[in-house]
Amino acid sequence: QVQLVESGGGLVQAGGSLRLSCAASGIIFSINVMAWYRQAPGKQRELVATITSGGSTNYADSVKGRFTISRDNAKTTYLIMNSLKPEDTAVYYCNAKRYGSFDVWGQGTQVTVSS
């Protein structure tokens, strides 16, 4: 199995930047896709960005050009968030998937963007 721990959330002013980290442990070589999701109060959890084991990335339209997902090794996935807006305020969750096998979530990290 895989375990995920997020870090890097916090309070930032609009226009600022944050970097979220997701540290994975366990059978990490088996992960097909790493992703970041977010959930704002009263809203459904939404997909923010994904990165495959081959390095292909995909982004929600709302964050394209502002957020970047990356992996520096098999263990850590990042979400670099620039030009933050108040509507980016949410709990951000890291997710790891192996098709047909597991779908693991981290505990979440709060990001608050003040106007």
Within segment 11-59, residues being in a strand (DSSP E or B) and within 14 Å of the chain's Cα centre (by Cα) number 24
Counting only residues in segment 52-68 that are of a type outside the set (G, A, S) and over 19 Å from A90 (Cβ atoms), the one surrounded by the most Cβ atoms within 10 Å (Cβ to Cβ) is identified as T52
Note on segment 8-43: residues open to solvent by less than 30 Å² (accessible area, probe 1.4 Å), among the hydroxyl-bearing types (S, T, Y) and farther than 22 Å from Y59 by Cα are S30
When R66 is run through (1) modelled with pLDDT of 95 or more; (2) under 12 Å from T50 (Cβ atoms); (3) of a type in the set (K, R), the failure sits at (2)
Contact list, first residue from segment 82-96 and within 19 Å of K64 (Cβ to Cβ), second anywhere and aliphatic (A, V, I, L, M) and open to solvent by 40 Å² or more (accessible area, probe 1.4 Å), beta-carbon distance below 8 Å, six or more apart or interchain, is L84/A14; K85/A14; P86/A14
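Looking at segment 43-75, which of the residues that are in contact with a Ser or Thr (Cβ under 6 Å, 6 or more places away or on another chain) and in contact (Cβ under 8 Å) with a residue 12 or more places away in the chain is nearest to A96 (Cα to Cα)?
So in segment 43-75, the residues in contact with a Ser or Thr (Cβ under 6 Å, 6 or more places away or on another chain) come out as 51, 58, 66, 69, 71.
Then keep just the ones that are in contact (Cβ under 8 Å) with a residue 12 or more places away in the chain; that gives 51, 66, 69, 71.
Values: I51: 10, R66: 22, I69: 13, R71: 13 Å.
Ranking the qualifying residues of segment 43-75, first place goes to I51.
The values are calculated or read from the model by the stated rules, or taken from the named source; none is laboratory data. What you are looking at is a predicted structure, and each value in this text was computed from that prediction instead of being measured. Note that each Cβ is placed from the backbone with ideal geometry, even for glycine, and that neighbours are counted across all protein chains shown. These area figures cover heavy atoms from the full protein model, side chains too; ligands, DNA and RNA do not enter into them. Shrake-Rupley method; radii C 1.70, N 1.55, O 1.52, S 1.80 Å.
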